[in-house]
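Heads up, the thing below is written out as structure tokens.
The values are calculated or read from the model by the stated rules, or taken from the named source; none is laboratory data. Since the model is a prediction, treat every value here as computed from it, not as a measurement. Please note: Cβ atoms are built from the backbone with ideal geometry, for glycine as well, and neighbour counts cover all protein chains shown.
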């Protein structure tokens, strides 16, 4: 794949590559009707430079010739296994109309930069090249001359300037500018020296800028076509408010967001391999068909994508998706149903359904992390939870091996909230500390925490004489189907050392409301940051964001630069200072060193109580659906499976 990076090879999230084999399992696109699922045969015309359906439009005079639709320098995608054939339908599923992340990760992963398939670094994508100045303040991107939106309109630097200045930095659309776009609390100056060049100039070095542009967080820069959207923008259309009101909306901003939503507006031009022909929420399917102006080819100069269309079946519950998968009605899928509990069911259906598994290397480094609220509003609980010996004692009291056997089918490994072995940040001491099951050590540390006094039932007493009893809150529906069962086991383990907990399940909206209000005692969540995503999302290693539920008040202090929240203790402040330096560093080796220092402090402070590192994950792929890697990273930052280039997937008999 073309990956020109001039002068400085991007940054990145400071990581070494995980090795993912480029071997492919077979696979196929199947419709939901088994009787007709193979009725559309892929084209066998190996010498064709474009899909037959497009060639027919060209012949009929309804579409310009291919050389007028491709940019002068298309991005060349190297197939995983072999060059494909045109045709067929990729069938997958959404769990309700809110399940838009799967849309973004499958057909919408087209950013200015993109991650290499092995997640090692960001490389140019929509950008043909990028030049970074010596100190990381100025980024100049060269775009592809002749590149076009899906409606045939030119894509130029003006589109990116519009997306930044008129959208992301418009205080009516975004009262608070995206933090990833800021450096030194200042937005960049964005200018277009010519139609194919765009320059970002920051007040301070922005060391993570290219990494953000390779992640979906940076997608708005290349998904806001000016020629289409300016008619809905007040700055370009003084009657935008009247237009909004005529369509039943209260403001021009509501109208703008509605028209800029690709899933809800099939008329929105895009740069994706497939463009929606239906709107999400209208019917039981979401359909996307090939973009005739797509700007990538295979090494033989054949325009991608190979597959004609993608069909997302919108279903109401996971069991329906599981049934479709078991029946061979999904071509390639890796969301919601790919759990340990479902794997035996899917394994039994492989031969009948005509599919197999591919491996997902999870960025999740822990399946269940208990986050005690270190900034609790109750000063007594703050004293108890803030005592490191209390957290160590509770950790020693958990029988992780038994938990793994009882609720995880023997899959997983005792682990703290620490990077995985596949990460260059792996630290054996951090990952394994306090994970042995030892009631003597547990009681020793709990006594050392000042909780040696007990009531008549044997429960420990707080410094104010009240029983050590607190709630552990679990969102419903839970991210992991075993969380409640696992917590019931942990409740019993901690009972043995005199600590009482109540497992409290609640609606996810209430869960977030209480967490954000700092009203919780403790919560459970999984732990991202196990792979290269650690630098991008270090929430589990220091109070980085509102997702750092163990210290939301400290995180607010960090994100607001001291304007709100609560000043953290010195170790957390030191981590925050190191991270600010990391953000302003473009040298990869220096970033890695800074992050190792952050992790060393996290290990010493032991902010969180981890339980189990998850086993390798999996997805399903039909036997005649090809060019899906045998293994790929699984991370939100990576946008799985986007960086594996779904446009080069193809359908053919195995």
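Any idea which residue in region 498-514 is surrounded by the most Cβ atoms within 10 Å (Cβ to Cβ), counting only those that are over 16 Å from residue 391 (Cβ atoms) and touching a residue at least 40 places away in the same chain (Cβ under 8 Å)? Residue satisfying both the conditions and the ranking: 514. In this structure, residue 454 qualifies as at pLDDT 95 or above, farther than 22 Å from residue 434 by Cα, touching a strand residue (DSSP E or B) at 6+ places or on another chain (Cβ under 8 Å) and in the same structural domain as residue 400 (by TED's automatic domain parsing). Please specify each residue of region 489-529 satisfying the condition of being in a loop (DSSP other than H, G, I, E, B) and more than 17 Å from residue 367 (Cβ to Cβ). Across region 489-529, the qualifying residues are 496, 497, 498, 499, 517, 518, 519, 520, 521.
In this structure, is residue 229 surrounded by 18 or more Cβ atoms within 10 Å (Cβ to Cβ) and not assigned by TED's automatic domain parsing to the domain that holds residue 142? So that I can check it myself, show each step before the final result.
Working: surrounded by 18 or more Cβ atoms within 10 Å (Cβ to Cβ): yes; not assigned by TED's automatic domain parsing to the domain that holds residue 142: yes.
In short, yes.
Restricting attention to region 193-207, which residues are part of a loop (DSSP other than H, G, I, E, B) and surrounded by 15 or more Cβ atoms within 10 Å (Cβ to Cβ)? The answer is 196, 202, 204, 205, 206, 207.
When 289, 329 are checked against the criterion of being in the same structural domain as residue 65 (by TED's automatic domain parsing) and part of a loop (DSSP other than H, G, I, E, B), 329 stands alone in meeting it.
Looking only at region 69-99, how many residues end up being closer than 24 Å to residue 622 by Cβ and outside any loop (DSSP other than H, G, I, E, B)?
Taking region 69-99 as the starting set, the residues that turn out to be closer than 24 Å to residue 622 by Cβ are 77-96, 99.
So of that shortlist, the ones also outside any loop (DSSP other than H, G, I, E, B) come out as 89-95.
The number of residues fulfilling the criteria is 7.
Each row is one residue, and each column tells you yes or no for (1) over 20 Å from residue 155 (Cβ atoms); (2) in contact with a helix residue (DSSP H, G or I) (Cβ under 7 Å, 6 or more places away or on another chain).
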residue: 231; (1), (2): no, no
residue: 246; (1), (2): yes, no
residue: 255; (1), (2): yes, yes
residue: 260; (1), (2): no, yes
residue: 267; (1), (2): no, no
residue: 270; (1), (2): no, no
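Considering region 153-166 alone, what residues qualify as being surrounded by fewer than 21 Cβ atoms within 10 Å (Cβ to Cβ) and farther than 22 Å from residue 292 by Cβ? Scanning region 153-166 gives 157, 158, 161, 165, 166.
Candidates in region 170-192 are the residues that are in contact with a helix residue (DSSP H, G or I) (Cβ under 8 Å, 6 or more places away or on another chain) and within 19 Å of residue 259 (Cα to Cα); of these, the one that is surrounded by the fewest Cβ atoms within 10 Å (Cβ to Cβ) is 172.
Among the candidates 216, 268, 210, the residue that is assigned by TED's automatic domain parsing to the domain that holds residue 168 and in contact with a strand residue (DSSP E or B) (Cβ under 6 Å, 6 or more places away or on another chain) is uniquely 210. Of all the criteria given as (1) out of contact with any helix residue (DSSP H, G or I) (no Cβ under 9 Å at 6 or more places or on another chain); (2) in contact (Cβ under 8 Å) with a residue 24 or more places away in the chain; (3) closer than 19 Å to residue 445 by Cα, the one not satisfied by residue 382 is (2). Scanning region 350-357 turns up no residue that is modelled with pLDDT of 95 or more, crowded, with 21+ Cβ neighbours inside 10 Å, assigned by TED's automatic domain parsing to the domain that holds residue 482 and assigned to a strand (DSSP E or B). Of the residues that make up region 306-316, is at least one free of Cβ contacts under 8 Å to residues at least 60 places away in the same chain and over 24 Å from the mean Cα position of the chain (by Cα)? Among the residues of region 306-316, not one is free of Cβ contacts under 8 Å to residues at least 60 places away in the same chain and over 24 Å from the mean Cα position of the chain (by Cα), which makes the answer no.
Going residue by residue through region 64-83, is there one that turns out to be farther than 23 Å from residue 586 by Cβ and modelled with pLDDT under 95? Before you say what the answer is, go through the steps one by one.
Within region 64-83, the subset farther than 23 Å from residue 586 by Cβ is 64-83.
Still in the list and also modelled with pLDDT under 95: none.
Taking every residue of region 64-83 in turn, none turns out to be farther than 23 Å from residue 586 by Cβ and modelled with pLDDT under 95.
For region 424-433, the criterion of being closer than 24 Å to residue 386 by Cβ and free of Cβ contacts under 8 Å to residues at least 60 places away in the same chain is met by at least one residue.
Criterion first (under 26 Å from the mean Cα position of the chain (by Cα) and either in contact (Cβ under 8 Å) with a residue 40 or more places away in the chain or buried (at least 18 other Cβ atoms within 10 Å of the Cβ) (or both)) does residue 150 satisfy it? Let's see the steps before the verdict.
Working: under 26 Å from the mean Cα position of the chain (by Cα): yes; either in contact (Cβ under 8 Å) with a residue 40 or more places away in the chain or buried (at least 18 other Cβ atoms within 10 Å of the Cβ) (or both): yes.
Considered against the rule, which asks whether it is under 26 Å from the mean Cα position of the chain (by Cα) and either in contact (Cβ under 8 Å) with a residue 40 or more places away in the chain or buried (at least 18 other Cβ atoms within 10 Å of the Cβ) (or both), residue 150 comes out as yes.
With a requirement of 2 or more residues that are more than 21 Å from residue 466 (Cβ to Cβ), the helices (runs of 4 or more DSSP H) lying completely within region 366-416 that satisfy it span 388-396, 400-407. Among the residues of region 124-169, those that are out of contact with any helix residue (DSSP H, G or I) (no Cβ under 9 Å at 6 or more places or on another chain) and closer than 26 Å to residue 581 by Cβ comprise 131, 133, 134, 135, 137, 138, 140.
Residues being under 14 Å from residue 485 (Cα atoms) and either surrounded by 16 or more Cβ atoms within 10 Å (Cβ to Cβ) or touching a residue at least 60 places away in the same chain (Cβ under 8 Å) (or both): count how many of those fall in region 400-414. Spell out the reasoning first.
Pass one, region 400-414, residues under 14 Å from residue 485 (Cα atoms): 400, 402-409.
Narrowing further to those that are either surrounded by 16 or more Cβ atoms within 10 Å (Cβ to Cβ) or touching a residue at least 60 places away in the same chain (Cβ under 8 Å) (or both): 400, 402-404, 406-409.
The total comes to 8.
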